[in-house]
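Report on one structure; see the data block that follows.
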Amino acid sequence: MFDNLELIILVLGLFYFLVLPILVFRLSSRVKTLERIISGAQQAVAKKAPAQLQATAPEARVIPPYEEQKKTSAAAGTPKKAAAPAQSLEEKVGGHWFQWIGIAALVAALLFFLKWSFDNGLIGPTGRTAIGYIFSAVAIIAGDRLRGRYGVWALAFTGGGALGSFIVTWIGLHTYHLFPEPLAFAIFVLTTAVTCLLAGYYGAIALAAFGIIGAFLTPILAGDVGTTASTLFYILILDLGIFALGHVRQWRVLNTLGFLGTVIYQIIAFSDRGFERPYALAFAVAFTVIYALIPFYYNLLRQQKSEQPDLLILIGNAIFHF
């Protein structure tokens, strides 16, 4: 069992710290090439435009001499930026390729050293869990640092760090038994909160959806933390958080994702014979009111047109609860 888990961790580490940076670098190079092509085309069009306008509009307005003098002096006072010289092959190899190769070799050596340490018992379960959390934090920080340069592609590091935190917490809880279930539940919730806050800050709806899915999986990953009522109360708070995030960033489709997860947990709660029916009906009423108010809020209060997520929530809410 340990060997399989360690192999999974090794493969994930190689992907997120070795393969993914190389893919991001190659995609960034292609994007820069396209930007240079588009910029050259725009400059060519801008050079042809004055000549075409002069040929097609001979009776255009004559610019007074003093205005022409102003434009000439302004153009002379603003020096043009010198174009950056193209890098030679030697500069590219020395400045970029060797850097990436060196980083990849260092990461690979570190992962193999950790695997050797695990196999020989030099690093115990506590050390392995701590190293997993460190890797997850480094991936999230790397995603934030690389976001300005690589854009949305850098969010793969952020999502990988969040996924690593979920995996490490699950292994530490169910395999190594390092902490109790309530603490693991709190770590899952904290990871979800950080992921959704970063998604709102970055404006990345895919990262937000990933965090919401992790939030709905938290009660399952944490095990028997509380009662069915406490689980539904957690889902109720989660639904309110999803609505707030969707309101701030105008991501109305997230409410549909929250509704689907809520329906699944309500089905599980209704199948629990030990769960008292008055509590089940009270939660059903609360969820009905929340997902009835969401379309009302967007369509009537904010005067926004109906979208497919609103219609799915409206129809699904009526069919499931009534």
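The values are calculated or read from the model by the stated rules, or taken from the named source; none is laboratory data. Since the structure is predicted, the reported quantities are computational estimates derived from the model, not experimental observations. Using ideal geometry, Cβ is built from the backbone for each residue, glycine included, and neighbour counts are taken over all protein chains shown. The accessibility values were calculated without ligands, DNA or RNA, using every heavy atom of the protein model including side chains. Shrake-Rupley method; radii C 1.70, N 1.55, O 1.52, S 1.80 Å.
A few remarks follow.
- Rounded to the nearest 10 Å², the accessible area of residue 131 at probe 1.4 Å: 40
- Shape index of region 170-234: Rg/Rh, with Rg the Cα radius of gyration and Rh the Kirkwood radius from the inverse mean 1/r over Cα pairs, equals 1.03.
- Relative packing of 34-41, 204-211, which averages over residues the other C-beta atoms within 10 Å, highest first: 204-211, 34-41
- Note on region 187-211 and region 212-247: Cα centroid distance 14 Å, given to the nearest whole angstrom.
- For residue 174 and residue 305, the FRET efficiency from 1/(1 + (r/R0)^6), where r spans their Cβ atoms and R0 equals 51 Å, is about 0.65.
- Environment charge of residue 230, counting only residues whose C-beta is closer than 14 Å and scoring Lys/Arg +1, Asp/Glu -1: -4
- The packing ranking, built from the mean of other Cβ atoms within 10 Å per residue, places the peptides 227-236, 170-179 in the order 227-236, 170-179, highest first.
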